[in-house]
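In what follows, a structure is listed as structure tokens, so that the remarks can point back to it.
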Amino acid sequence: EDGYRLWLRYDQLNDAARLKDYRKAISGILVDGDSPTLLAAEKELKMGLDGLLGKAVPLTEKLTRKGAIVAGTPESSPLIRSLNINDKLQEVGEEGYLILSTTINGKKVTAIAANTAVGVLYGSFHFLRLLQTTQDISRLSISSSPKTEHRVLNHWDNLDRTVERGYAGFSLWDWHKLPDYIDQRYIDYARANASIGINGTVLTNVNANALVLTEEYLIKVKALADAFRPYGLKVYLTARFSAPIEIGGLKTADPVDPQVQQWWKDKASEIYSHIPDFGGFLVKADSEGQPGPHNYKRTHAEGANMLADAVAPHKGIVMWRAFVYSHEAPDDRAKQAYNEFKPLDGKFRDNVLVQVKNGAIDFQPREPFHPLFGAMPETPLMMEFQITQEYLGQGTHLAYLAPMWEEVLDADTYAKGKGSTVAKVVDGSLDNHSLSAMAGVANIGTDRNWTGHQFGQANWYAFGRLAWNPYLSSEEIAEEWIKMTFSNKEEVVSAIKTMMLNSHEAVVNYMTPLGLHHIMGWSHHYGPGAWIKDKHRADWTSVYYHKADENGVGFDRTKTGSNAVAQYFPPVEEEFSNPEKTPEKYLLWFHHLPWDYKVESGRTLWDELALRYQSGVDTVRQMQRTWDALEGKVDPERFRHVKTFLEIQEKDAEWWRDATLLYFQTFSKRPLPEGVEKPTKSLDYFMKLDPKFVPGI
Ligand code: BDP
């Protein structure tokens, strides 16, 4: 049990009663049609059912006995056609499916029906999930379809196979052996994605390399696209804005230059000649040194539209990122994306989505929702979540991220009055956009268990499930994942679920409680670094964000400060403007408050801060106790792995607590309250810990 099989383990079920029912109910698999996708569905059903039932479930061509799993589309399968379910099928659209307990020719069957082969595949995975989570399958009437159209992983993978902010080994894409060698990993990767409805993958880093757009690489990309296609997974690439210069020999990359426009059109045609269903481009432009339209005094819309025009004839899309901030450190980096993009609302082509990170700074352990959500009604905005834990303990901390994503998706923007949630902006329902998408920055690499931490798998899983349906609860997703990945036993499920559901809050508490943000180590972003200052960019330092002084701590984003609150709709603006009304979790995000400001608990801000750091550490220790009690109830290999990582997490949590509190104490000049463990090292020690990244100290 090294974790390779992810949540698709298919071991024989140990719930004896259910197993008996399933064995009785399922007699064979009947998938008519021979498209690669239908064959993939058939193969998965066969593998899954054989494993889960612990017996060979035969593939059949005719319906001779009751108990068949009949899967197909009305075109591929006369049996599905005979069900006359066209009306119901119409409702589930292109990728949706139905799972029905019904009868055909007087025989009881379970029908997995869809309009397309990929819908059948998704339905097959759903059916297997029902068994994996030991649900009753005797009276099924399930209908499911995705709420967002494009559900996309963003790999920040470089062509040399390093992964930016990757903590699970190297890139899966073995460019050297491609196009000839198709690693089984590619297939298993595609299967895993299909099982949760992910239908797109951007293969390359947003900090892009134009080389991937050359013929030499495109044939390798084609090989991957061919391997993924049966699983409904489209490939996308990042487009480096200056590619026409770097690989095209042009003198400019100005988006209004006809030669440049033609170059991209030709490049798009070339790509589509290799990969007819190529998804399109993801672009990071004019951000952190990446080239972009601003180099030519053009707008983001002009840049995006040029690429959009190039891929439009082939039905491609452009995902243009809003993660921008200028080099001249402004009064507040949090305001910049809104300031730059809001005026461009309505100026983008129909096949452009603007990809917005969940918060306005940068994937912090917790951020209030990005004010752009709801602010650009004429433009489809897509969500960018970060699955890889750049700021949340990277490869070694257990942090189940779905509660954080849920918090953002459920947040009310009030853009069109109460109930205008971020989820409704993202799925297009608020402003009637048919184009909709969600992206997740992947946490996947060559590590045997794919994600470095065994529990990192849960974040990949949860991202896919939320992209399919942003209204699912993080709790139900956790429960599914635990049952499929570890065990169906109630005591195990509830113990692991508690760990997972408390884990994100624990990380926030020992890193950045009460709305603190961006106070981590310089550049690597792993440990604490609240003292980071005097860099060439102010907005890359910690002091810029926490603004601690003898009077207090926090970033004033109200009228008396940067007034970033004005970017939110009135009731939200009001709430965030007033420290009494601001949810405590965002307090220091919006306010600079005195050390003895009274918080909800009646304590002073200083005491509360210190106790939150302690509580983060305590929760990790609680997780350790819970995990230890599971010894013998989960397999020894994964048990040991997680146990060791929890030890690292405890050590790191103490490190964060001690280093950060000692630093803030130099301003607050107050003792640590009762209940907070005394640091055993000095601030000086912590500041010198990482001299490589803290030059000059
Ligand atoms: C930041 C990362 C950086 C990425 C950037 C981005 O530190 O490596 O390139 O985001 O999203 O979080 O473009």
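The values are calculated or read from the model by the stated rules, or taken from the named source; none is laboratory data. Remember, predicted model here, so these are calculated numbers, not experimental data. Cβ placement follows ideal geometry from the backbone for every residue including glycine, while neighbour counts extend to all protein chains displayed.
Just a few scattered comments:
- Condition met for Ala375 (of a type outside the set (Val, Ile, Thr) and in contact with a Lys or Arg (Cβ under 8 Å, 6 or more places away or on another chain)): yes
- Taking every residue in the range 2-31 that is over 30 Å from Arg640 (Cα atoms) and pairing it with any residue that is buried (at least 19 other Cβ atoms within 10 Å of the Cβ) and polar (S, T, N, Q), at least 6 positions away or on another chain, the pairs with Cβ-Cβ distances below 9 Å are Ala25/Thr110; Ile26/Thr110; Leu30/Ser77; Val31/Ser76; Val31/Ser77; Val31/Ser124.
- Candidates Pro403, Pro330, Pro313 - the one that is in contact with a helix residue (DSSP H, G or I) (Cβ under 6 Å, 6 or more places away or on another chain) and not assigned by TED's automatic domain parsing to the domain that holds Gln649: Pro403
- Qualifying residue in the range 80-94 (condition: in contact with a Lys or Arg (Cβ under 6 Å, 6 or more places away or on another chain), surrounded by 17 or more Cβ atoms within 10 Å (Cβ to Cβ), assigned by TED's automatic domain parsing to the domain that holds Ser138 and of a type outside the set (Phe, Trp, Tyr)): no
- Members of the range 147-189 found to be under 17 Å from Gly279 (Cβ atoms), over 16 Å from the mean Cα position of the chain (by Cα) and not aromatic (Phe, Trp, Tyr), listed by number: none
- Residues that are within 16 Å of the ligand (Cβ to nearest atom), part of a loop (DSSP other than H, G, I, E, B) and on the phi < 0 side of the Ramachandran plot within the range 271-291 comprise Lys284, Ala285, Ser287, Gln290, Pro291, listed in sequence order.
- Verdict on Lys559 being more than 21 Å from Ser420 (Cβ to Cβ) and among the basic types (Lys, Arg): yes
- Qualifying residue in the range 556-566 (condition: surrounded by 20 or more Cβ atoms within 10 Å (Cβ to Cβ), touching a strand residue (DSSP E or B) at 6+ places or on another chain (Cβ under 6 Å) and in contact (Cβ under 8 Å) with a residue 40 or more places away in the chain): no
- Residue within the range 237-246 that is surrounded by 23 or more Cβ atoms within 10 Å (Cβ to Cβ), at pLDDT 95 or above and in contact with an Asp or Glu (Cβ under 6 Å, 6 or more places away or on another chain) present: no
- Counting only helices (runs of 4 or more DSSP H) wholly contained in the range 452-531, the ones carrying 2 or more residues that are small (Gly, Ala, Ser) and over 15 Å from Thr133 (Cα atoms) occupy 456-468, 490-511.
- For beta carbons closer than 6 Å, sequence separation of 6+ or different chains, a first residue in the range 198-214 that is over 16 Å from Met438 (Cα atoms) and a second that is within 16 Å of the ligand (Cβ to nearest atom) and among the β-branched types (Val, Ile, Thr), the qualifying pairs are Thr204/Thr238; Ala208/Thr238; Val212/Thr204.
- If the condition is being buried (at least 17 other Cβ atoms within 10 Å of the Cβ) and either among the basic types (Lys, Arg) or within 21 Å of Val221 (Cβ to Cβ) (or both), then the range 249-264 contributes Trp263, Trp264.
- Filtering Asp684, Asp658 for residues that are buried (at least 20 other Cβ atoms within 10 Å of the Cβ) and without any contact (Cβ under 8 Å) to a residue 40 or more places away in the chain leaves a single hit, Asp658.
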